[in-house]
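Working notes, structure below.
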Amino acid sequence: MRAIYLKFADSCVQYLYGVAAIFGRDEFVMGVSESVEEYLEALWLSEESGEKLAHIKWVARHLGISAPSTVEMLKKLEKEGLVIYQARKGIQLADKGREIARRIIRAHRLIEALMRETLRTEVREETVCGMEHHMDEEFMDALCTLLKHPRKCPHGDPIPRGKCCP
């Protein structure tokens, strides 16, 4: 599939794999799909558990999809510079993918903290997953400040720090 680029003044819109991405002054602004974010999140979790390279079977099982579909998507993500894919060895996040994954993990864990600590409700993964993809940095920083900059989510996992964190 070819990417379609539309150029405007000082920004560029890239349309690839059904997702629009907006680039301005050489900086990624927004635009990966929830599906892509889920793959990147899975790779972050694999790294966080101590694995240097995630294995296809683990990623497929974690996401509940087939191994061939996983390989196909990871090859696409490699072309976009989001992951480093080593056939028969594993996958790891590239810097660009790591930054997106960090944002998603931060959003996920801040929502969990909000649900448990402030709202005093059960943490429901389907609710958290539905919300994590729709939070921008400004909202995450406001939420983080409201929650007094928690360092860990209710499960004890570290919450990546934001610009707002002391």
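Coordinate-derived values only; no laboratory data. Keep in mind that what you see is a predicted model, and the values were worked out from it rather than measured. Counting neighbours? That spans all protein chains shown, and the Cβs are built from the backbone with ideal geometry, glycine included.
The simple spin-label model puts a point 7 Å past each Cα toward its Cβ; for Cys129 and Gln86 those points are separated by 2.9 nm. Residue order for Arg116, Arg109, fewest other beta carbons within 10 angstrom first, comes to Arg116, Arg109.
First check a/c for region 97-146, with a ≥ b ≥ c the square roots of the eigenvalues of its C-alpha gyration tensor; if it is under 1.5, answer rounded, and if not, answer prolate when a/b is larger than b/c or oblate otherwise. Write out the running numbers ahead of the final one.
Working: a/c = 2.28, a/b = 1.39, b/c = 1.64.
Since a/c reaches 1.5 but b/c is at least a/b, the shape of region 97-146 is classed as oblate.
Note on Lys89: lysines with a C-alpha under 27 Å away, same-chain residues under 8 apart excluded, are Lys52, Lys57, Lys75, Lys76, Lys79. The protection proxy used here, the mean number of other Cβ atoms lying within 10 Å of each residue, ranks peptides 131-144, 59-72, 38-51 as follows, highest first: 38-51, 131-144, 59-72.
Counting other beta carbons within 10 Å of each Cβ, put Cys153, Cys129 in order, fewest first.
On the way: Cys153 22, Cys129 16.
Least crowded to most crowded, the residues run Cys129, Cys153.
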